[in-house]
Amino acid sequence: MENVINIQPITRIEGHAKVAIHLDDAGNVADARLHVQSFRGFEKFCVGRPAEEMPRIVCHICGICPWAHHLASSKAGDACFGVTPPPAAIKLRRLMQMLAYVGDKLLNFYFLAAPDFVIGPDADYSVRNVMGIIGAAPDIAKKVVHLRHLTAQIIEKFAGRAIHPTFSMPGGVSKPMTETERQDILGHVDELLEFSKFTIQFAKENVFPKYMDAIKTIGVIEVGYLGTVTDDGALDFYDGKLRLMKPDGSYDDFAYDQYLDYLGEHVEPWSYQKFPYAKSWGDGFSLDLDNPSGIYRSNTLSRINVCDKMATPQAQAELEEFREAFGRPAHLTLLYHYARLIELVQCAEQMVELVNDPEITDPNVRTKIEPRAGRGVGCVEAPRGTLIHDYETDENGLITKANLIVGTTHNNAAMNLSVKQTAQELIKDGIYDEGILNKVEMSIRAYDP
Amino acid sequence: MIKDLFEKPVLVLGCGNILFGDDGFGPAVINHLKENYSLPDSVLAMDLGTSIRDILFDLALSEKKPQKIIIVDAVDYPNRNPGEVFEITVEGIPKKKTSDFSLHQFPTVNILQELRDHTGIVVKIIVAQTNEIPDSVQPGLSKIMEEAIVVACEQILSLIKANDTM
């Protein structure tokens, strides 16, 4: 009779999920599946609503990365109405995005990922938790809280709301930045950049080296990658073109609005959540661990793999060191954590660049929009992957059709493969313990679903 | 306001997704509290929507902590009547709130337990029994949940005044 190990809930991932590991008669892993609740009905809900209202509504889709939805929706609205926001508006959007992402990446590394590494993957959960971090590194924990709070305060003070933002809209943003406000922010960003650089050094020296065995064995799969790059191949979180890379490192670039030519959506009867796959590869879709087809990943490691370079100097130096050690593309799943910290450095550096740009205080921050029939695809790199908002409007600017692909969904197939790989690697003859099951969870947390 | 998060002794945090029917009860209670009551200066009432989890992480690790956190949410319990407002303990959070409701983003039991057990913060949870939470996006509370808002506000005011310990 089949035996099923259920891991439920998955602690410390942002969103709830459960894992079912199916054992055969010999107690070995026959299959393993990750079940994630999907967000259903939003596309239908959008129909009939003014496109300019969408950026305020979509923030409620995800409480963890509302700024990504806010900006992707604004960009879709820009495209629907055929407008380009003024340069200062785009810089302000980017600045808010970078501030939000710095706070998010600090949260992820120190509070979600670090307990596994700092306390140890085999430690009992009673100590392998967020409070364990206080005991292990109290000064760092205090600093993280201080800086996360600082990013939220800066956003709230300037943009009005940190949690349910209303700042951005089709055509631009709601207010310009005064020189006084710029000076105020300028006084804080260096602290954020310095701590970002400290964090990656800390991780490289004290965290990752101790767990190279785990990095080389947990969740390892070889699939493709998706991410956004500029025309010269630099990683960009706000704008650019999409790059879809095969497992061997070859790739295609395409504009956001062509995504349907490259990406398809597969459905499995056991999951509400769809499985995006690389339709353009022509191999179909398969979750066969030994011979997967059409599967690509999104999020940090994916972006680090698809880009030719980072957009800022310190982050570029970190990327070169990373590639020297792990190559391109790097397939080891737990390297998502390392890649996240390289991205943290770029976000912090870009944040400093933006605040130091005198053009950011230009009072012209909105391009007038006129409702019209059109289609607009807005895409940003959300912390958890490539986020696509695709709207169609009628002549009154009301939404007639909407399609959203959120970052986590891109990784649905890959997460299932990683869970199965880890379970098969570690569970033999029906023997497992809490440490093994936590390592299965670690293979999911890397993706930060 | 975020700036007051670590300054106020008492936090009242509404959580839930306003896009999913009765799941928006917590945010609705916060709005009603702020619009219809004069809260003491020591109290910060915030609609955190689905963002409550990372706020709790910060509270768990912050040097400056509130004395009391009152969480307001919606639940689907057996043997409760729709619109019924009651207090639950951390242990009383239904299992499916911790695993199946990914949209809800209710703060994980883990974090709440860590807050209660390791920080000395008094954690209170006020909930209302939902009439219906739709499977897909459908904003707006049911009538019976709208009527429960005032009841929840009164209970929250009592909890704010109470000189309680863990």
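Some observations on this one:
- Tilt relative to chain A, helix A:138-159 - C-alpha long axis, 0 to 90 degrees, to 10: 30
- Among A:52-61, A:254-263, A:356-365, A:225-234, the order from most to least packed when residues are scored by Cβ within 10 Å on average: A:52-61, A:225-234, A:254-263, A:356-365
- Shielding by partners for peptide A:64-77, expressed as the average number of C-beta atoms from other protein chains within 10 Å of each residue's C-beta, is 1.
- Histogrammed with a bin width of 20 Å, the alpha carbon distances of chain A distribute as 26, 58, 15, 0 percent, first bin at zero.
- Two-decimal Rg to Rh for the stretch B:2-161 - Kirkwood Rh, Cα set: 0.94
- Relative contact order (%) - criterion: Cα under 8 Å, at least six apart; region: the stretch A:179-305: 20
- Mean projection of the Cα convex hull over all viewing directions, computed for the stretch A:230-384: 12.4 nm².
- Relative contact order [Cα under 8 Å, 6+ residues apart], the stretch B:2-161, whole percent: 33
- Residue-by-residue Karplus 3J(HN,Hα) for the stretch A:43-56, coefficients 6.51, -1.76, 1.60, Hz, glycine and proline x: 4, 5, 4, 5, 4, x, 8, x, 4, 6, 7, 4, x, 7
- Counting Cβ atoms of other protein chains within 10 Å of each Cβ in B:134-141 and taking the mean gives 4.
- Long-range amide H partners of residue A:367 with built H, under 5 Å: A:172
- Magnitude of the charge dipole, the protein assembly as shown, Cβ model with Lys/Arg +1 and Asp/Glu -1, debye to 20: 720
- Percent antiparallel among DSSP beta bridges (both partners in the stretch B:2-161, rounded to 5): 15
- Based on DSSP H segments of at least four residues, each scored -39500 (n - 2.57), chain A has a per-residue ellipticity at 222 nm of -12500 deg cm²/dmol.
- For chain A, the longest principal axis of the C-alpha atoms and the axis of helix A:87-106 are separated by about 30°.
- Nearest 10 degrees, 0 to 90: helix A:412-426 Cα axis against chain A principal axis: 30
- A compact globular protein would have a Cα radius of gyration near 2.2 N^0.38 Å; the ratio found for the stretch A:313-424 is 1.50.
- Ratio Rg/Rh, restricted to the stretch A:12-91 and using Cα atoms, in which Rh is the Kirkwood radius: 1.23
- Under 5 Å between amide hydrogens, built in the peptide plane, is the criterion, and for residue A:385 it picks out A:299 among residues at least 5 positions away or on other chains.
- Scaled against the 2.2 N^0.38 Å expected of a compact globular protein of N residues, the Cα radius of gyration of the stretch A:334-380 reads 1.83.
- Whole-number percent relative contact order across chain A, with pairs defined as alpha carbons under 8 Å at least 6 apart: 26
- ³J(HN,Hα), Karplus 6.51/-1.76/1.60, whole Hz, each residue of the stretch A:430-437, x for Gly, Pro: x, 9, 7, 9, 4, x, 5, 5
- Cross-link pairs beyond the 20 Å C-alpha cut-off, checked among A:246/A:309; B:8/B:65; A:204/B:65: A:204/B:65
- Solvent-free Debye scattering, log10 I(q)/I(0), computed from the Cα coordinates of the stretch A:205-263 at q = 0.24, 0.31 Å⁻¹: -0.92, -1.22
- When the P(r) is computed for the stretch B:124-166, the part past 16 Å accounts for 49% of the Cα-Cα pairs.
- As a rough guide to protection, the peptides B:127-137, B:149-159 ranked by mean Cβ packing within 10 Å, highest first, stand as B:127-137, B:149-159.
- In terms of packing, defined here as the mean over residues of other Cβ atoms within 10 angstrom, the peptides A:206-219, B:34-47, A:151-164, A:85-98 line up highest first as A:85-98, A:151-164, A:206-219, B:34-47.
FYI, it's all coordinate maths here, none of it is from the lab. In this text the structure is predicted, and so the values were computed from the model without any measurement. All Cβ positions, even for glycine, are placed from backbone atoms using ideal geometry, and neighbour counts span all protein chains on display.
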